[in-house]
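Student: What follows is a structure written as structure tokens; I'll ask about it next.
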Amino acid sequence: MSTEIWQWILVVGSSLILFLLSPYAKTTESFFKANHNKKSPNVLVLTGSLIISWIFAKSITNAANLGLDFGIVGGVAYAGYYLSFAVAGLLIYQLRTKGGYTSIHQFLTSKFGKKAVAVFTILIIIRLFNEVWSNTMVIGSYFGETGSTSYYTAIIVFTLLTLSYAIKGGLSSSIFTDVIQMVLFSVLLIIILYTIFSVENFTAKDIATSGTWSFELGLNLFFAAIIQSFSYPFHDPVLTDRAFISSPKVTRKSFLWASLLGAICIVLFSIIGVYAQTQGFKGQAAVEVGKAFGVVVLLAINFIMITSAASTLDSTFSSFSKLLAVDLGLGKSLSFGRLAMVAIALLGTIPIFFNAEILSATTISGTMVIGLTPIFLFWNYKVPIISFYLSVGCGILFGFLLIFKAFPEALIFTKGRYADLLWVNVWGIFSCNILYFVPRWIKQ
């Protein structure tokens, strides 16, 4: 059988198995909060769910490509984003235990009002919208060239199959399948790394010496990721929804473990890119390494992409559904929740016909929301409502400066790729914090 037929078997077969195994949600508690038989997810289940729902197909594609471009430094740089889990875990623990809040939306409504929540909701919807197309595009790339019939067919079939089991169980289904997908991811990653290390001329020394620890060759991205980690998690309901379904202590423990283990997974996957660098490969690192090792490794890499994309996609569907039904109170019923999933699947697929960029979906949306940093970091400080709009507006402005490459070069103090990303975020986060507290200082 040809490789493409095997790939179709993996996509269709894995999706059908997950559909059959997924729990059917009969109550809104089960569908929106993953509360099954009055039990919430434990540390092991929640940690696995967090990691796999954040190890997107686009993340591991980017990790491998950064390994190819910058060596192991590239993998470590991208893993910097996983500090987000620790930040979110510790701050949401405080919001829940000291503040008594039951959701991000409740916190923002009580502190800044409904108009602020509307602005925040727009940021979230853009994020969820990005998640759909940026992950399904990766799946499509394994079936054909961008724009080809097989490329579009794979994306549409994969989206519909994932939607089918997400509709069945909502967040319960998402978390249940996450555990299966995390086990699969771990096994497949071990197989791929074992195969790479079985090559005689590739050793741990090659990995250690594969990059240069300089700003030009990876550290620009690393420090940008660290800065963004203080705001990035709060505009991602895939992550924050999971912070309110188990007890505060279980949640904090799970988020801290997910921060460490998620970062390790990303660094390990970037080794595929490091190997590609030593062999002089060009293009998509994971695809080229798969082809070099033959059908079995290519299919293993492909299956990792399928499981990670599916876990993020079903989480995106359930988060969008909860956002409309529960957080915004537009209709807390199972039928409304399921219709919302269909809506985001359709809307999120549209950009694939307009040749969107994968990495920019992460880096630009991450810059756009740096204004959320002081809002959550200093959640217990009393500030006027205008502080929210000044900080968020400032972050969006810096995001646009990055998109249109309009940031003054005189304020960029390092060179190389991602230098503009780093310094836009440095100046941006400084400005957001100042603007957040100015109304408080004036009032005093």
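Student: Which condition number in (1) open to solvent by 60 Å² or more (accessible area, probe 1.4 Å); (2) under 16 Å from Glu131 (Cα atoms) is the one that Val342 fails?
Tutor: In the conditions (1) open to solvent by 60 Å² or more (accessible area, probe 1.4 Å); (2) under 16 Å from Glu131 (Cα atoms), Val342 misses (1) alone.
Student: Of all residues in region 4-40, how many are surrounded by fewer than 16 Cβ atoms within 10 Å (Cβ to Cβ), part of a helix (DSSP H, G or I) and either touching a His at 6+ places or on another chain (Cβ under 8 Å) or hydroxyl-bearing (Ser, Thr, Tyr) (or both)?
Tutor: Residues in region 4-40 being surrounded by fewer than 16 Cβ atoms within 10 Å (Cβ to Cβ), part of a helix (DSSP H, G or I) and either touching a His at 6+ places or on another chain (Cβ under 8 Å) or hydroxyl-bearing (Ser, Thr, Tyr) (or both): 0 in total.
Student: I need the full set of residues from region 41-54 which are in a helix (DSSP H, G or I) and not β-branched (Val, Ile, Thr), in order please. Outline the logic, then answer.
Tutor: Narrowing region 41-54 to residues in a helix (DSSP H, G or I): 43-54.
Result: Leu44, Leu46, Gly48, Ser49, Leu50, Ser53, Trp54.
Student: While we're here: Condition test on Tyr436, is it closer than 23 Å to Gly74 by Cα and buried (at least 21 other Cβ atoms within 10 Å of the Cβ)?
Tutor: Working: closer than 23 Å to Gly74 by Cα: no; buried (at least 21 other Cβ atoms within 10 Å of the Cβ): yes.
Spelling it out, it is not the case that Tyr436 is closer than 23 Å to Gly74 by Cα and buried (at least 21 other Cβ atoms within 10 Å of the Cβ).
Student: Answer yes if at least one residue in region 194-213 is buried (at least 20 other Cβ atoms within 10 Å of the Cβ) and at positive phi, and no otherwise.
Tutor: No; the residues of region 194-213 include none that is buried (at least 20 other Cβ atoms within 10 Å of the Cβ) and at positive phi.
Student: From the list Ser150, Ser186, which one is open to solvent by 20 Å² or more (accessible area, probe 1.4 Å) and touching a Gly at 6+ places or on another chain (Cβ under 7 Å)? Steps first, please.
Tutor: Values: Ser186 fails: touching a Gly at 6+ places or on another chain (Cβ under 7 Å).
Only one candidate qualifies: Ser150.
Student: Which residue out of Ser84, Ser59 is at pLDDT 95 or above, closer than 30 Å to Tyr275 by Cα and surrounded by 24 or more Cβ atoms within 10 Å (Cβ to Cβ)? Outline the logic, then answer.
Tutor: Working: Ser59 fails: at pLDDT 95 or above.
Every option except Ser84 fails the conditions.
Student: Would you mind stating whether Asn355 is open to solvent by 90 Å² or more (accessible area, probe 1.4 Å) and at pLDDT below 95? Talk me through it step by step, then tell me what you get.
Tutor: Values: open to solvent by 90 Å² or more (accessible area, probe 1.4 Å): yes; at pLDDT below 95: yes.
Considered against the rule, which asks whether it is open to solvent by 90 Å² or more (accessible area, probe 1.4 Å) and at pLDDT below 95, Asn355 comes out as yes.
Student: Could you list, in sequence order, the residues of region 412-444 that are in a helix (DSSP H, G or I), farther than 28 Å from Asn65 by Cα and not charged (D, E, K, R)?
Tutor: First, pick out the residues of region 412-444 that are in a helix (DSSP H, G or I): 419-443.
Checking which are farther than 28 Å from Asn65 by Cα leaves us with 430-443.
If the condition is that a residue be in a helix (DSSP H, G or I), farther than 28 Å from Asn65 by Cα and not charged (D, E, K, R), then Phe430, Ser431, Cys432, Asn433, Ile434, Leu435, Tyr436, Phe437, Val438, Pro439, Trp441, Ile442 are the ones that fit.
Student: Please state which one of Gly273, Gly290 is without any contact (Cβ under 8 Å) to a residue 40 or more places away in the chain and touching a helix residue (DSSP H, G or I) at 6+ places or on another chain (Cβ under 7 Å).
Tutor: Numbers: Gly273 fails: without any contact (Cβ under 8 Å) to a residue 40 or more places away in the chain.
After applying the criteria, what remains is Gly290.
Student: Out of the residues in region 244-259 that are β-branched (Val, Ile, Thr) and surrounded by fewer than 21 Cβ atoms within 10 Å (Cβ to Cβ), state the one that is farthest from Gly80 (Cα to Cα).
Tutor: Initially, region 244-259 is screened for residues β-branched (Val, Ile, Thr), giving 245, 250-251.
So of that shortlist, the ones also surrounded by fewer than 21 Cβ atoms within 10 Å (Cβ to Cβ) come out as 245, 250.
Numbers: Ile245: 26, Val250: 23 Å.
If we take residues in region 244-259 being β-branched (Val, Ile, Thr) and surrounded by fewer than 21 Cβ atoms within 10 Å (Cβ to Cβ), then Ile245 is farthest from Gly80 (Cα to Cα).
Residue-wise test of (1) out of contact with any Phe, Trp or Tyr (no Cβ under 6 Å at 6 or more places or on another chain); (2) more than 17 Å from Ser270 (Cβ to Cβ); (3) not in a helix (DSSP H, G or I).
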site: Leu217; (1), (2), (3): no, no, no
site: Phe223; (1), (2), (3): yes, yes, no
site: Phe230; (1), (2), (3): yes, yes, yes
site: Pro233; (1), (2), (3): yes, yes, no
site: Ile245; (1), (2), (3): yes, yes, yes
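Student: Residues of region 390-409 being assigned to a helix (DSSP H, G or I) and open to solvent by less than 80 Å² (accessible area, probe 1.4 Å), which ones?
Tutor: The first filter runs over region 390-409 and keeps only residues assigned to a helix (DSSP H, G or I), leaving 390-403, 409.
Residues satisfying the conditions are Leu390, Ser391, Val392, Gly393, Cys394, Gly395, Ile396, Phe398, Gly399, Leu401, Leu402, Ile403.
Student: Evaluate the following for Gly262: is it within 30 Å of Gly100 (Cα to Cα), open to solvent by less than 10 Å² (accessible area, probe 1.4 Å) and modelled with pLDDT of 95 or more? Show your work before the answer.
Tutor: Numbers: within 30 Å of Gly100 (Cα to Cα): yes; open to solvent by less than 10 Å² (accessible area, probe 1.4 Å): yes; modelled with pLDDT of 95 or more: yes.
Yes: the conditions hold for Gly262.
For (1) part of a helix (DSSP H, G or I); (2) buried (at least 17 other Cβ atoms within 10 Å of the Cβ); (3) out of contact with any strand residue (DSSP E or B) (no Cβ under 8 Å at 6 or more places or on another chain), each residue gets a yes or a no:
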position	(1), (2), (3)
Ala300	yes, yes, yes
Ile306	yes, yes, yes
Gly331	no, no, yes
Ser335	yes, no, yes
Arg338	yes, yes, yes
Leu347	yes, no, yes
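Student: Okay, next question. Considering only residues that are open to solvent by less than 10 Å² (accessible area, probe 1.4 Å) and free of Cβ contacts under 8 Å to residues at least 24 places away in the same chain, which ones fall in region 87-107?
Tutor: Within region 87-107, none qualify.
Student: Within the group Thr212, Thr240, Thr195, which residue is assigned to a helix (DSSP H, G or I), of a type in the set (S, T, N, Q) and farther than 30 Å from Ile124 by Cβ?
Tutor: Numbers: Thr212 fails: assigned to a helix (DSSP H, G or I); Thr240 fails: farther than 30 Å from Ile124 by Cβ.
Every option except Thr195 fails the conditions.
Student: Just the residues that are among the hydroxyl-bearing types (Ser, Thr, Tyr) and farther than 20 Å from Phe185 by Cα, please, taken from region 4-58.
Tutor: Taking region 4-58 first, the residues among the hydroxyl-bearing types (Ser, Thr, Tyr) are 14-15, 22, 24, 27-28, 30, 40, 47, 49, 53.
Residues satisfying the conditions are Tyr24, Thr27, Thr28, Ser30, Ser40.
Student: Can you name the residue in region 104-133 that is closer than 15 Å to Phe320 by Cβ and among the polar types (S, T, N, Q) and is also modelled with the lowest pLDDT among such residues? Walk me through it before giving the result.
Tutor: Initial filter on region 104-133 (closer than 15 Å to Phe320 by Cβ): 104-105, 120-133.
Add one more test, that the residue is among the polar types (S, T, N, Q), and what stays is 121, 130.
Numbers: Thr121: 94, Asn130: 85.
Applying the filter and picking the extreme gives Asn130.
Student: Hey, among Glu131, Glu216, Glu145, which residue is in contact (Cβ under 8 Å) with a residue 60 or more places away in the chain and either hydrophobic (A, V, I, L, M, F, W, C) or open to solvent by 20 Å² or more (accessible area, probe 1.4 Å) (or both)? It would help to see each step written out before you state the result.
Tutor: Working: Glu131 fails: either hydrophobic (A, V, I, L, M, F, W, C) or open to solvent by 20 Å² or more (accessible area, probe 1.4 Å) (or both); Glu145 fails: in contact (Cβ under 8 Å) with a residue 60 or more places away in the chain.
Result: Glu216 is the single residue among Glu131, Glu216, Glu145 that is in contact (Cβ under 8 Å) with a residue 60 or more places away in the chain and either hydrophobic (A, V, I, L, M, F, W, C) or open to solvent by 20 Å² or more (accessible area, probe 1.4 Å) (or both).
The values are calculated or read from the model by the stated rules, or taken from the named source; none is laboratory data. As the structure is a prediction and not an experimental result, all values here were calculated from the model. Note: ideal-geometry Cβ built from the backbone for every residue, glycine included; neighbour counts use all protein chains shown. Ligands, DNA and RNA are excluded from the accessible area calculation, which covers all protein heavy atoms including side chains. Shrake-Rupley method; radii C 1.70, N 1.55, O 1.52, S 1.80 Å.
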